[in-house]
Amino acid sequence: MKKSLFLLAFLCQSLFAQVPEGKKVISSLYIHDLQTGKSEMILKENRHFEAPNWSPDGSFLLINSKGKLEKIGLDGENLGILNTGEVQKANNDHGYSFDGKTLFISSGKNEIQSHSSFIYKVSAEGGVPELITPLSPSYWHGVSPDGKFVVYCAPRNGNYDVYKMSVDGGEEVRLTTAEGLDDGPEYSPDGKYIYFNSYRSGMMQIWRMKPDGFDPEQMTFDYHSNWFAHVAPNNQIATIITYLENQKEGHPFGRQVKLRLLNLKTKELKDLTEEFYGGQGTINVPSWNPESTKFAYVRYELEDL
C-alpha cells in the first residue's frame, strides 16, 4: 500500500511542470522531418503547453495548455480552442481514434479540487464529452484500430498497471500485473500489439504485448529511461523519448532528453534529435502525421520571472 501511495503522489506531481521557484516556462513546438533529419520550430511562446497530437486529416496540431485543448496550424498559427464543454481540466494524455472521428481526453473534474483524471470521449470537431471511466486517476494513452477499446494507465490493486475498457464504458480489464510501473499503452495500427513502457526489469524500457495482455516482449535494452512508444501509421517504426539519466519510475519535466526512432522489426534504435531540455509534456501522446514522415514535439526553456 505504501508503494502505491508513493507512486500516486510521485506521478501526480509529474503531471504538471515542476518549475523552479522564480522561473517561468518558454515552450517551443517543433515538427521533425524524417526525410531531412531536421526539426523545424513553428511556434515559441512564453507559456507552458504540452503534448501535440497531429490531426487525422493532417491539417493541424492539437496541444493542451491550462486545462484546455488548442488547435495550432502547421505554420504555428493559433486556430482557437476546441470546444470540450464542461471538460476544462485536460492533462497531457489525449488523442484521436484511428478513423479520426473521436477525440479522447484525460481530464480532472471541476468539482474535484485535488488532482484527478478521468477519461472522456468527444467528437473530433468538439462538442459535449461523454465520461468513459468512473474511477480516477485514469490516464488515456491509446485506442484500438477498430475503435472499440481504450487502453490506459491507472493505479488499482496497489500498483500502476495497464487497463482496457470499452469506449462506451463498463468493466475495466487489467492487462498487466508485473511489479513496478506500466504506462503509456498504445495499440499498433494493425491491432496485433499494445506497446507500453515498463519498469519490470528495474529500468524503464519499451515493451509490447498481445491485446489480451499475454506474451510480453521487451523492445529496448539500454541503460536509459525510455518512455512512450508512439507507433507510426505505417506500423514499422515508433518514436520514443529517452531520459539520459535514470529517472526510475518517473518522467519529470525539466530534464535532458532526446528523441529516438525504434525499428519495430529489428529493435534497432536511432537518434533523431540532439539532447535538449524537455521531458513531461514533450511527446506524451501520438504525434505522427498520416504519412509517417513527420511528427511533432515540444522543447522547453526556463526564464527568470
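The table that follows gives values for the structure above.
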| quantity | calculated |
| --- | --- |
| Average accessible surface area per residue within region 68-108, 1.4 Å rolling probe, Å² | 41 |
| Total formal charge among the other residues, if their Cβ is under 12 angstrom from that of Val257, Lys/Arg +1 and Asp/Glu -1 | 0 |
| Dipole magnitude of region 140-212, debye to nearest 20 (Cβ charges: Lys/Arg +1, Asp/Glu -1, about Cα centre) | 160 |
| Rough spin-label spacing in nm, given labels placed 7 Å along Cα→Cβ, for Leu79 and Asn263 | 3.5 |
| Sparsely packed GluC sites (Glu not before Pro) within region 15-51, loop by DSSP, other Cβ within 10 Å at most 10 | Glu21 |
| Relative contact order [Cα under 8 Å, 6+ residues apart], region 67-162, whole percent | 21 |
| Spacing of the two label points (7 Å from each Cα toward its C-beta) at Gln88 and Asp57, in nm | 2.8 |
| Probe 1.4 Å, protein heavy atoms only - accessible area per residue of region 143-295 in square angstrom | 38 |
| Mean Cα-pair separation over length for region 25-83, i.e. relative contact order, pairs under 8 Å, 6 or more apart, % | 23 |
| Listed residues Met219, Gln280, Gly191: farthest to the positive end of the dipole of region 173-305 (Cβ charges) | Gly191 |
| Positive dipole terminus of region 163-305, leading residue within Gln256, Val167, Ser292 (C-beta point charges) | Ser292 |
| Share of carbon and sulfur in the accessible heavy-atom surface of region 92-248 [1.4 Å probe, %] | 49 |
| The chain: relative contact order as a whole-number percent, Cα under 8 Å and 6+ apart | 18 |
| Karplus (6.51, -1.76, 1.60) ³J(HN,Hα), θ = phi - 60°, over region 191-207, in Hz, Gly and Pro reported as x | x, 7, 9, 10, 8, 7, 10, 9, 9, 4, 8, x, 9, 5, 9, 8, 10 |
| Karplus 3J(HN,Hα) series, Hz, for region 109-125 with 6.51 cos²θ - 1.76 cosθ + 1.60 (x for Gly, Pro) | 10, 4, 7, 9, 6, 6, 5, 8, 8, 10, 9, 10, 10, 8, 4, 4, 7 |
| Gain upon complete extension [Gln218, Arg156; 0.36 nm per residue less C-alpha separation] | 20.0 nm |
| Gyration tensor verdict on the chain (Cα atoms; rounded if a/c is under 1.5, prolate if a/b is larger than b/c, oblate otherwise) | rounded |
| Carbon/sulfur fraction of accessible area - region 34-84, other protein chains in place, 1.4 Å, % | 46 |
| Magnitude of the charge dipole, the chain, Cβ model with Lys/Arg +1 and Asp/Glu -1, debye to 20 | 420 |
| Global form of region 88-176, assessed from the alpha-carbon gyration tensor, a/c cut-off 1.5 | oblate |
| Within the chain, helix-based [θ] at 222 nm, where runs of 4 or more DSSP H residues each add -39,500 (n - 2.57), nearest 500 | -1500 deg cm²/dmol |
| Rounded to whole Hz, the Karplus (6.51, -1.76, 1.60) HN-Hα couplings of region 224-237, x for glycine and proline | 10, 8, 10, 10, 6, 7, 9, 7, 5, x, 6, 6, 10, 9 |
| Approximate spin-label separation Asp304-Thr177, in nm, with each point projected 7 Å along Cα-to-Cβ | 5.7 |
| Ranking by accessible area, most exposed first, for Thr242, Thr293 with a 1.4 Å probe | Thr293, Thr242 |
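The values are calculated or read from the model by the stated rules, or taken from the named source; none is laboratory data. Quick caveat: nothing in here was measured; it's all calculated off a predicted structure. Neighbour counts run over all protein chains shown; Cβ positions are idealised from the backbone, glycine included. Heavy atoms of the whole protein, side chains included, go into the accessibility calculation; ligands, DNA and RNA do not. Shrake-Rupley method; radii C 1.70, N 1.55, O 1.52, S 1.80 Å.
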